[in-house]
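Reviewing the structure listed below.
The numbers here are math on the coordinates, done by the rules we state, and not lab data. Being a predicted model, the structure only gives us computed values, none of them experimental. Positions of Cβ are generated from backbone atoms using ideal geometry, with glycine treated the same way; all protein chains shown enter the neighbour counts.
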Amino acid sequence: MAQEVRAVIAPGKGAPVRVDTVVVPDPGPGEAVVRVQACGVCHTDLHYREGAINDDFPFLLGHEAAGVVEAVGPDVTEVAPGDFVILNWRAVCGRCRACLRGRPWYCFDTHNATQKMTLKDGTELSPALGIGAFAEKTLVAAGQCTKVDPSVSASVAGLLGCGVMAGIGAAINTGGVGRGDSVAVIGCGGVGDAAVVGSRLAGAARIIAVDIDDRKLATASAMGATHTVNSRDRDPVEAIRELTGGHGADVVIEAVGRPETYKQAFYARDLAGTVVLVGVPSPEMTLELPLLDVFGRGGSLKSSWYGDCLPSRDFPMLIDLHLQGRLDLGAFVTETIALDEVEAAFARMSEGDVLRSVVVM
Ligand SMILES: NC(=O)c1ccc[n+]([C@@H]2O[C@H](COP(=O)([O-])OP(=O)(O)OC[C@H]3O[C@@H](n4cnc5c(N)ncnc54)[C@H](O)[C@@H]3O)[C@@H](O)[C@H]2O)c1
Ligand SMILES: [Zn+2]
Ligand SMILES: [Zn+2]
């Protein structure tokens, strides 16, 4: 029988979010209902609320979550009721041209639940990134559930569902950071700090954190940045070159999503270096660069969708590292909050007061 749960809805462009009653259908073929235990507040939720992703309001927000599978559809074999899972927005299809070429982390045909969650009056909801987990329970495709070691706390596990995975993956998977490399990370929110942590895990020798907020730089240092640059005080391109023998960093990770910070990343890397764009720009933004510089500086300019992660490979591995004490996921959690505090958490995020607020059900 369909269930009624409390959940956070974004009703319209720029309007404050509110807690409402949402109807969650029983899982059909290929689907699962998950009892959400924790869900982090990501900048992308705020992008949705502002209408910067698309206009499919009302949205059911939240997508960085962990919880326990409550029920599965008739044909589901990969997860079962009682499994502790992290929700992912990359349920790999196994059949698209990316999957068939052996690159499932690019899967072009990821899937979500077929049935819709609705408001009580029947209005269909658009779940953020096909998840919608600022909710006591949510309906997803079974492939969006990745089983991990249940001894980890849900509030840290959920973070791997989006921002922290995106940042770690931007460094390790997309940027290919390796032992001895120099890395610069521009923008040290949850995603940028995760890129710092990923670079450290990969053995980078020099990790330069750039932000416009000294509080963010202090956290980035605590997470493993070897140097910090406040780009309000000085030109970050010059500073990064100075810290890398005059050359620029091997890999520069842009975790803001703006043309000016992308340009900084472009010019702050060494010849033949790599730029990784993991920050998400909004639709009106454009970029102008001298084409000769694009050619003459060589190397690669990459974008990182979800850290080019493969949830089935990366989530259990990173949870294991966390449980072994080699990856401090807890450091990303600034505060835990209740479901009705998401709007206030957006304000604190915009003020730069938090790395991650995590809703705990
Ligand atoms: N590619 C992906 O798969 C993926 C996944 C999750 C989030 N994201 C995106 O990553 C970006 C960062 O997300 P977040 O949750 O860390 O956000 P956040 O708001 O927590 O962090 C942004 C950081 O950038 C800093 N910043 C802002 N303007 C700056 C500037 N001009 N120069 C240097 N630093 C600046 C802020 O001070 C802040 O520390 C967002 O665009 C988000 O949508 C991408
Ligand atoms: Zn595919
Ligand atoms: Zn996110």
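Treat the range 167-304 as a sphere of radius equal to its Kirkwood radius over Cα pairs and apply Stokes-Einstein at 25 °C in a medium of 0.890 mPa s; give the translational diffusion coefficient in µm²/s, rounded to a whole number. The diffusion coefficient I find is 173 µm²/s. Charging the Cβ of each Asp and Glu at -1 and of each Lys and Arg at +1, and nothing else, the dipole of the chain about its Cα centre rounds to 840 debye. Modelled spin-label separation between D149 and D340, with each label point placed 7 Å from Cα along the Cα-to-Cβ direction: 3.8 nm.
Could you tell me how far the Cα centroid of the range 186-201 sits from the Cα centroid of the range 104-175, in Å? Taking the Cα centre of the range 186-201 as reference, the centre of the range 104-175 is 21 Å away.
Here, the chain has an Rg and a Dmax of 20.1, 65 Å when only alpha carbons are counted.
Result for the chain in a Gaussian network model with C-alpha springs under 10 Å: among L60, L287, L119, the largest mean-square fluctuation is at L287. Normalising the average separation of contacting C-alpha pairs (under 8 angstrom, six or more residues apart) by the number of residues puts the relative contact order of the chain at 17 percent. Between D55 and C93, the simple spin-label model (points 7 angstrom out along Cα→Cβ) gives 2.7 nm.
Look at the Cα gyration tensor of the range 74-230: its axes a ≥ b ≥ c give a/c of at least 1.5 with a/b over b/c, and that counts as prolate. Against the empirical curve 2.2 N^0.38 Å, the C-alpha radius of gyration of the range 15-88 lands at a ratio of 1.26.
Sites listed here are trypsin sites (Lys or Arg not before Pro) in the range 144-218 whose DSSP assignment is loop and whose Cβ has at most 16 other Cβ atoms within 10 Å: R179. Sorting the segments 181-193, 28-40, 105-117, 126-138 by their mean number of nearby beta carbons within 10 angstrom, highest to lowest, gives 181-193, 126-138, 28-40, 105-117.
Using a cut-off of 26 Å between Cα atoms, the listed pairs K116/K147; K13/K116; K13/K263; K147/K216 include K13/K263; K147/K216 as exceeding that distance. In the range 188-238, one over the average inverse separation of all distinct C-alpha pairs is 10.7 Å, which is the Kirkwood hydrodynamic radius. In the range 1-140, the ratio of gyration radius to Kirkwood radius, Rg to Rh, stands at 0.97 when only Cα atoms are counted.
Rounded to the nearest whole Hz, the Karplus-based 3J(HN,Hα) values (6.51 cos²θ - 1.76 cosθ + 1.60, θ = phi - 60°) of the range 172-188 follow the sequence 7, 7, 7, x, x, 4, x, 4, x, 5, 9, 10, 10, 10, 9, x, 10, with x at glycine and proline. For the range 167-304, the dipole from Cβ point charges (+1 on Lys and Arg, -1 on Asp and Glu) about the Cα centre works out to 320 debye, to the nearest 20.
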